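Visitor: Submitted below is the structure of interest, expressed as structure tokens.
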Amino acid sequence: MNIKHVACALQVKALAESGVFTGYASVFGIIDSQNEIVAPGAFARTLAQWQKQGRGPAMLWMHDPTQPIGLWLSIREDANGLAVEGRLALGTQKGREAYELLKLGALTGLSIGYKVMTSKVDTARKARVLTEVSLFEISLVTFPANEAARVSDVKAPARSDKAPKNLRGEMRDAAARLHQAARFLKPKQNPQRRIHK
């Protein structure tokens, strides 16, 4: 099987404890270091096949199939390329290592692992155009080849040490409102009042 890898640059603007990031694993129309260009629509069939199976390509460390480091939450084509959203497995050693390296900016590459299904030659640019690929993994790697593909955002959840305080405050507010409602609804004691049935 003719398996290929294409690396893309990765830029982290902010990184927090969730390990969730978004960006592009591939950008259309760019000649990469292997003298190949990915055409729009090249991932359409393989993504449909993954969706039909109810799962997605692997997230690997340096293309090592024995070292998965997270999960791709979303992979889709848009006008720019292959947009991805992934979550690092921070409970694993490699996931934590990837998190630390991303946080430092020491790890800056994404790379797709794929098999070429159909292609053509762009004689003007003297490059091979990939019109359909079978995508099976996307890795975090050290050396990028396509500088146009970058992570655009890394999402952060609320800090865990603040959550209990906020929850306690909300519970206090709710208790106060219930107490006020109970006082309002409680019937007043009036010895002069008689109820006739």
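The values are calculated or read from the model by the stated rules, or taken from the named source; none is laboratory data. Quick caveat: nothing in here was measured; it's all calculated off a predicted structure. Here Cβ is always computed from backbone atoms with ideal geometry, including for glycine, and neighbour counts include all displayed protein chains.
Visitor: Could we say that Ile37 is modelled with pLDDT of 90 or more and part of a strand (DSSP E or B) here?
Guide: Criteria met by Ile37.
Residues checked against (1) in contact with a strand residue (DSSP E or B) (Cβ under 6 Å, 6 or more places away or on another chain); (2) crowded, with 17+ Cβ neighbours inside 10 Å; (3) closer than 18 Å to Gly109 by Cα:
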position: Glu36; (1), (2), (3): yes, yes, yes
position: Thr46; (1), (2), (3): yes, yes, no
position: Gln53; (1), (2), (3): no, no, no
position: Pro65; (1), (2), (3): no, no, yes
position: Ile75; (1), (2), (3): yes, yes, yes
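Visitor: Further question on the same structure: Looking only at the stretch 84-100, how many residues end up being touching a Gly at 6+ places or on another chain (Cβ under 7 Å) and either assigned to a loop (DSSP other than H, G, I, E, B) or free of Cβ contacts under 8 Å to residues at least 60 places away in the same chain (or both)?
Guide: Total satisfying the criteria: 2.
Conditions (1) farther than 20 Å from Val27 by Cα; (2) modelled with pLDDT of 90 or more; (3) in contact with a Gly (Cβ under 8 Å, 6 or more places away or on another chain), marked per residue:
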position	(1), (2), (3)
Pro68	yes, yes, no
Arg76	no, yes, no
Leu82	no, yes, no
Ala106	yes, no, no
Gly109	no, no, no
Ile112	no, yes, no
Ser134	no, yes, no
Glu137	no, yes, yes
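Visitor: May I pose another question? Assuming Ser74 fulfils every condition listed in (1) within 20 Å of His5 (Cβ to Cβ); (2) among the polar types (S, T, N, Q); (3) in contact with an Asp or Glu (Cβ under 8 Å, 6 or more places away or on another chain) apart from one, which condition is it?
Guide: Condition not satisfied by Ser74: (1).
Visitor: Being hydroxyl-bearing (Ser, Thr, Tyr), modelled with pLDDT of 95 or more and either touching a Phe, Trp or Tyr at 6+ places or on another chain (Cβ under 8 Å) or surrounded by fewer than 19 Cβ atoms within 10 Å (Cβ to Cβ) (or both), is that true of even one residue in the stretch 91-99?
Guide: No; the residues of the stretch 91-99 include none that is hydroxyl-bearing (Ser, Thr, Tyr), modelled with pLDDT of 95 or more and either touching a Phe, Trp or Tyr at 6+ places or on another chain (Cβ under 8 Å) or surrounded by fewer than 19 Cβ atoms within 10 Å (Cβ to Cβ) (or both).
Visitor: Looking at Gly95, Gly113, Gly91, Gly105, can you tell me which residue is within 15 Å of the chain's Cα centre (by Cα) and of a type in the set (Gly, Ala, Ser)?
Guide: Sole residue among the options that is within 15 Å of the chain's Cα centre (by Cα) and of a type in the set (Gly, Ala, Ser): Gly95.
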